[in-house]
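Student: Take this structure first; my questions come after.
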Amino acid sequence: MGVVSGHWPSESELDKIRKKVAELSGRDAQEVRVVVSPYRICPLGAHIDHQASLLGGAVSAMTINKGILLGFVPSDDTQVTLQSGQFEGEVRLRIDEVQLPKHMSETNGLTEQMDSSTPQEECKWGNYARGAIYALQSKGNHLKTGITGFICGSEGLDSSGLSSSAAVGIAYLLAFESANGLVVSPTENIEYDRLIENEYLGLKNGILDQSAILLSSYGCLTFMNCKILCSLENSDNYRPHVQTIKHKLIHPPTVQNNHEGALGNAYKILLAFSGLKQALTTNPGYNRRVAECQEAAKILLQASGDEEMEPVLSNVKPEVFEAHKVKIHKHILDSKLEANLAKRAEHYFSENERVMKGLEAWASGNLKEFGELITASGLSSIQNYECGCEPLVQLYQVLLKAPGVLGTRFSGAGFRGCCIAFVEADKAEEAATFVVNEYSKLQPELASHLNQGPAVLICDASDSARVISNTFS
């Protein structure tokens, strides 16, 4: 257990993955291309995306210098051969094979036939490559060149709450596109990755993660307005049908009172890990909170005479919420389940305000105010949205006391994974050591689970996903 910092990907990391692919393919290491697909954090905009509608939902994001690396060389034929740094087994398939969504494959009895000779673990991690092929095929792309590749995540990192699944899907998309000479825009790849997760794998994700990974730019805060048209009959049937995203890169000036110059030199990003790896889907609280937001929206829309609109909070005007708060409180007297509706709505509307104020603070170089807004977001998630389990809440509280921390909140819903924090650059090491020591006193058993990886990572902002090629490859 300890503190880790550094640049990513380093030359040694790139050389290592090139050497590995060269060994697998029998090709020269100079021919190897490497996809860099970073993880993302969302400083502000907690629990906004699932309440988006045609009116949109505001979030902020940036990528960090940790993530997925996929080294590959184009094949001489249609064969795709993949190995992983995290999982055993080898994925082998043809890039021109017709890929069917998981539920269709299972219905038609194809899953067992396709994967009967390979371990279950291999089948699972290989699905993202198959999903990428499915997404590209479904939009009419002609794929004829496979790849030999090796994929790995940042070493020792628990990526819970950091968008690792989207980073993997994007890595495969960029590799297959590069090998086949396809020119694809970031906007198109956002849609392709949505197809991987929503259609091929049957997950209920939105488009926040892939958008952040594909649209971010180094040193900028990415503002995104997610618009979504979906079926919200109940939280279990939540299925996004049409999603679009508008984004703006907020370039910072020189930071206030910082003699070193650029804003990027003034802060570091801490990832503080809880040691808790419980899957979000096993906790019923998350889906329940989504349903409560929908119920609050329904009441407010009825109160304002807009009951025909879809019951999501982004369809409710802020002034309607302020004017009709009392109606929620009156309505909740009828049912114990609805006692927290006002809190859920309060979080949504106050978080939207924090996003907009955060953009202004970042643009003006006011890191102090930006950090305070992040901390307020974390507190609202705990008090109003009532998410987060005890270890994550304790970790949040420890970070608040750490030297130089400007602001902190959960990364994700707070039921597992880590907290993020912005910290003054010259105090990052001291803050990280403080967090390691103090958290281990509060949660010694969970902290002991971190012995195989870092308890705290010191990170920098990063760039969007990209392919690194040698100039003569």
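The values are calculated or read from the model by the stated rules, or taken from the named source; none is laboratory data. Keep in mind that what you see is a predicted model, and the values were worked out from it rather than measured. Neighbour counts run over all protein chains shown; Cβ positions are idealised from the backbone, glycine included. For accessibility, only protein heavy atoms count, side chains too; no ligands or nucleic acids. Shrake-Rupley method; radii C 1.70, N 1.55, O 1.52, S 1.80 Å.
Student: Please pick out the residue among Asp426, Asp463 that is touching a residue at least 40 places away in the same chain (Cβ under 8 Å), open to solvent by 20 Å² or more (accessible area, probe 1.4 Å) and among the charged types (D, E, K, R).
Tutor: Asp463
Student: Moving on. Restricting attention to the range 142-166, report how many residues are outside any strand (DSSP E or B) and modelled with pLDDT of 95 or more.
Tutor: Residues that pass the stated criteria total 4.
Here's the yes/no breakdown for (1) hydroxyl-bearing (Ser, Thr, Tyr); (2) open to solvent by 20 Å² or more (accessible area, probe 1.4 Å); (3) part of a helix (DSSP H, G or I); (4) modelled with pLDDT of 90 or more:
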site: Asn257; (1), (2), (3), (4): no, yes, no, no
site: Ile269; (1), (2), (3), (4): no, no, no, yes
site: Val290; (1), (2), (3), (4): no, no, yes, no
site: Cys293; (1), (2), (3), (4): no, no, yes, no
site: Ala296; (1), (2), (3), (4): no, no, yes, no
site: Glu310; (1), (2), (3), (4): no, yes, no, no
site: Val320; (1), (2), (3), (4): no, yes, yes, no
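Student: Has the range 409-432 got any residue that is among the polar types (S, T, N, Q) and more than 25 Å from Gln210 (Cβ to Cβ)?
Tutor: The answer is no; no qualifying residue exists.
Student: Inside the range 195-217, can you point out the residues that are open to solvent by 10 Å² or more (accessible area, probe 1.4 Å) and modelled with pLDDT of 90 or more?
Tutor: Once the filter is applied, which keeps residues that are open to solvent by 10 Å² or more (accessible area, probe 1.4 Å) and modelled with pLDDT of 90 or more, the range 195-217 yields Glu199, Leu214, Leu215, Ser217.
Student: Still on this structure, please answer the following. Looking at (1) open to solvent by less than 80 Å² (accessible area, probe 1.4 Å); (2) at pLDDT 95 or above, find the lone condition where Thr111 falls short.
Tutor: (2)
Student: Let me ask something additional. Could you list, in sequence order, all residues of the range 322-335 that are at pLDDT 80 or above and open to solvent by less than 60 Å² (accessible area, probe 1.4 Å)?
Tutor: none
Student: In the range 68-78, which residues are surrounded by fewer than 18 Cβ atoms within 10 Å (Cβ to Cβ) and under 12 Å from Leu24 (Cβ atoms)?
Tutor: none
Student: State yes or no: is Leu406 farther than 27 Å from Ala291 by Cα, touching a strand residue (DSSP E or B) at 6+ places or on another chain (Cβ under 8 Å) and open to solvent by less than 10 Å² (accessible area, probe 1.4 Å)?
Tutor: Against the criterion (farther than 27 Å from Ala291 by Cα, touching a strand residue (DSSP E or B) at 6+ places or on another chain (Cβ under 8 Å) and open to solvent by less than 10 Å² (accessible area, probe 1.4 Å)), Leu406 does not qualify.
Student: Hey, can you tell me all the residues within the range 180-191 that are at pLDDT 95 or above and buried (at least 19 other Cβ atoms within 10 Å of the Cβ)?
Tutor: Passing the criteria: only Asn189.
Student: Hey, could you check the range 42-60 for residues that are in a strand (DSSP E or B) and surrounded by 24 or more Cβ atoms within 10 Å (Cβ to Cβ) and say which is modelled with the lowest pLDDT?
Tutor: Gly57
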